[in-house]
Amino acid sequence: MKEQAKAKKAKRKDAITSVDSCINNLWQQGRKNAKMYKVFFENFLPCVIKKSVFDRQVSVATNDKTLCTVSDEAFALLLLENSFDRWQDIYRLRKGEVTPKRGQKRREFESDVPTKYTKGGIVYDKTVKNNDPKGWSAEGIKRYNELYATVKMDRKANKTFTINWLEQKKANLLDAVQTRKRKRPQQQARIELLDSEDDDSGNETASANIDGENGSDNESSNNENE
């Protein structure tokens with residue numbers, strides 16, 4: 001029974017690994033896979049450029065060159081490839097809950113799966129000790145150069161992707177602004193013709209008659225003259 005359970009667990013792990021690898025490979029198809037690359041543009045590219053800067057660029061950009069540089073795009077792809085397995089492991093361990101809640105330990109949102117091209121202060125295996133330098137490995141730098149060349153070719157081969165994405169993005173942003181304006185209730189200002197602390201005085205709808213009602217002011221003036 002134990003051996004069958006182990007075999008089933010190993011088979012499930014292999015299947016998950018295969019799916020992860022397939023998803024990761026989809027990113028590398030670039031603009032050819034428009035659906036996946038839109039997800040990359042929406043969620044990962046802004047993190048490299050800085051969200052506020054990216055949003056400003058979206059508002060004025062008309063093509064790839066005015067949106068971001070080739071190096072920005074290539075580096076975003078490299079970061080995604082570098083940490084993909086680790087992020088997937090965290091997602092599975094947390095059962096889809098990837099945002100820490102107040103009071104939860106940071107370790108609960110970490111993983112023992114190492115990144116692909118970088119080394120830092122995290123010790124994944126205490127039994128393995130080496131003096132490898134921290135930072136990007138030579139393999140990672142090589143991979144970045146490959147992605148840089150790939151992105152340049154991808155932009156030339158699929159020029160309409162970013163133009164179409166920008167048009168849709170701007171249309172969505174404009175629609176969101178208009179929707180917020182429609183949903184926001186218009187505050188009405190209270191207006192009184194005469195200031196009064198008594199709400200029952202009728203001043204809210206009163207009008208001033210400088211000639212007096214039924215000519216009373218004129219009559220008073222005539223009486224005074226007599």
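Okay, here's what the table says:
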item: Gain upon complete extension [R92, M153; 0.36 nm per residue less C-alpha separation]; result: 18.5 nm
item: Computed lengthening from R190 to K65, 0.36 nm per intervening residue step minus Cα-Cα distance; result: 39.8 nm
item: Backbone N under 15 Å from the I163 label point (7 Å along Cα→Cβ), restricted to region 54-83; result: 61-67
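No value in this document is a laboratory result; all are computed from the given coordinates. These figures come from a predicted structure and were not determined experimentally. Glycine gets a Cβ as well: all are built from the backbone with ideal geometry, and neighbour counts include every protein chain shown.
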